[in-house]
Amino acid sequence: MRAVIFHGPRDIRLEERPVPVPGPGEVLVKTGAALTCGTDFKAYRQGHRVLLGDYPSPFGHELAGTVAALGRGVTTVKEGDRVVAANSAPMDDCFWCARGQGHLCPNLKLHNGAYAEYDLVPAHIVRGNLHALPASVPFEVGALAEPFACAIHAAAVHQVAAGELCAVIGAGPMSLLLVHALRARGARAAVLGRSREPLESAKAAGAEAVFSALDGPADAAVRAWAEGRGPDHAFEAVGRPETYLQAAALVRDGGKVCLFGGCAAGTTVPFDAHRLHYKQLTLHGVFHHAPAHFREAVRLLSEGRVKTGLLVKGEVALADLPRYFAANADKSVPKAVVRP
């Protein structure tokens, strides 16, 4: 089979590999569609040991496809079933896995291999995070379940309630998924960004209001939208210290701040400790997802509750993927469909 393999920063190669044979509990999936992802671009530029493990490594983590072969003992699916596979599941019965926080398990091994003709899904994911995909749902729509699950996780951690006011800082693909996750809970959302086109996409996704930094400082306008108090929740979806600080300054007294965008290891952020304490702010770091979030993502996608055309634009052939990553490594590009 053909597969794109990660050998190191800015070095991915299309290679011929044997078609895997599933072992006990494993499932072989013939890839129907994979999606490019901003995290994969970040890994391409600088490497990513947490995501990819030891190099050379299979590459890509958002996919849906058809069951091609079953390992011994698998009874939850059969050959020919359409499925979407998560890139993780609880590994064991450690302290974190037993408490529904398998994404924090010290033994967590994130699964990759979407950029290939076949993907061998490990037994723990088959047991806990492999889901049926209705025939009416295109594979590329199902493949959105992984990033959407991350957004659903953020909304769940914040216990966002119907009618609450939520500001999202950043207008990239994850921001659009956050808007969908918040709207699914009945919340009202506003998005702060820069460029007009992404902000128009945010409105189309369901944002009630959008604010561009190109028009000048937007914090006062956001507070005015949020009934003069500031939003109940502020979701930072950029991953920079200055926007972490902006989120904490923007949220209402007693509000919650979601640090959703990831900063580099060792980054420090000089929060105003006086405001955190006396205005009783809550900061949540949110990473990855759990099976319940992934299951909810598949459900909402299957019900047509996500405007996927705003997120997935264009296609790239598997053979062209190394050139595509090289050409776009330092750009911000929409998600593209990869059809092996």
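Quick rundown of the values:
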{"item": "Single match in 338, 333, 312 (criterion: out of contact with any Cys (no Cβ under 9 Å at 6 or more places or on another chain) and at pLDDT 95 or above)", "result": "338"}
{"item": "Hits in segment 289-325 - residues which are aliphatic (A, V, I, L, M) and free of Cβ contacts under 8 Å to residues at least 24 places away in the same chain", "result": "317"}
{"item": "Any hit, segment 83-93, residues being touching a strand residue (DSSP E or B) at 6+ places or on another chain (Cβ under 6 Å) and over 24 Å from residue 13 (Cα atoms)", "result": "yes"}
{"item": "Failed condition for residue 88, given (1) surrounded by fewer than 21 Cβ atoms within 10 Å (Cβ to Cβ); (2) closer than 20 Å to residue 124 by Cβ", "result": "(1)"}
{"item": "Of all residues in segment 256-288 being under 24 Å from the mean Cα position of the chain (by Cα) and more than 23 Å from residue 148 (Cβ to Cβ), the one that is surrounded by the most Cβ atoms within 10 Å (Cβ to Cβ)", "result": "283"}
{"item": "Looking only at segment 190-229, and only at residues there that are part of a helix (DSSP H, G or I) and among the basic types (Lys, Arg), the one that is farthest from the chain's Cα centre (by Cα)", "result": "223"}
{"item": "Qualifying residues in segment 207-225 (those that are modelled with pLDDT under 95 and charged (D, E, K, R)) - the one farthest from residue 252 (Cα to Cα)", "result": "215"}
{"item": "Unique match (being in contact with a His (Cβ under 7 Å, 6 or more places away or on another chain), part of a strand (DSSP E or B) and modelled with pLDDT of 95 or more) among 83, 29", "result": "83"}
{"item": "Test result for residue 133, in contact with a Phe, Trp or Tyr (Cβ under 8 Å, 6 or more places away or on another chain) and not assigned by TED's automatic domain parsing to the domain that holds residue 14", "result": "no"}
{"item": "Criterion: in contact (Cβ under 8 Å) with a residue 12 or more places away in the chain and touching a Cys at 6+ places or on another chain (Cβ under 6 Å) - qualifying residue of 238, 286", "result": "286"}
{"item": "Residues of segment 4-26 classified as in contact with a Gly (Cβ under 9 Å, 6 or more places away or on another chain) and part of a strand (DSSP E or B), total", "result": "3"}
{"item": "Where residue 44 falls short, out of the listed (1) part of a loop (DSSP other than H, G, I, E, B); (2) buried (at least 21 other Cβ atoms within 10 Å of the Cβ)", "result": "(1)"}
{"item": "Test: residue in segment 306-314 that is out of contact with any strand residue (DSSP E or B) (no Cβ under 8 Å at 6 or more places or on another chain) and at positive phi", "result": "no"}
{"item": "Check on residue 103, assigned to a loop (DSSP other than H, G, I, E, B) and either buried (at least 22 other Cβ atoms within 10 Å of the Cβ) or not acidic (Asp, Glu) (or both)", "result": "no"}
{"item": "Condition met for residue 98 (surrounded by fewer than 16 Cβ atoms within 10 Å (Cβ to Cβ), out of contact with any strand residue (DSSP E or B) (no Cβ under 6 Å at 6 or more places or on another chain), outside the structural domain of residue 232 (by TED's automatic domain parsing) and not in a loop (DSSP other than H, G, I, E, B))", "result": "yes"}
{"item": "Matching residues in segment 97-119 - criterion: being more than 21 Å from the chain's Cα centre (by Cα) and hydrophobic (A, V, I, L, M, F, W, C)", "result": "98"}
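To keep it simple, each residue is scored yes or no on (1) in contact with a strand residue (DSSP E or B) (Cβ under 7 Å, 6 or more places away or on another chain); (2) without any contact (Cβ under 8 Å) to a residue 12 or more places away in the chain; (3) crowded, with 19+ Cβ neighbours inside 10 Å.
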{"residue": "122", "(1), (2), (3)": "no, no, yes"}
{"residue": "125", "(1), (2), (3)": "yes, no, yes"}
{"residue": "133", "(1), (2), (3)": "yes, no, yes"}
{"residue": "141", "(1), (2), (3)": "no, no, yes"}
{"residue": "149", "(1), (2), (3)": "no, no, yes"}
{"residue": "156", "(1), (2), (3)": "no, no, no"}
{"residue": "164", "(1), (2), (3)": "yes, no, yes"}
{"residue": "169", "(1), (2), (3)": "yes, no, yes"}
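The values are calculated or read from the model by the stated rules, or taken from the named source; none is laboratory data. Keep in mind it's a predicted model, so treat the numbers as computed, not measured. In this analysis, Cβ positions are derived from the backbone assuming ideal geometry, glycine residues included, and neighbour counts consider all displayed protein chains.
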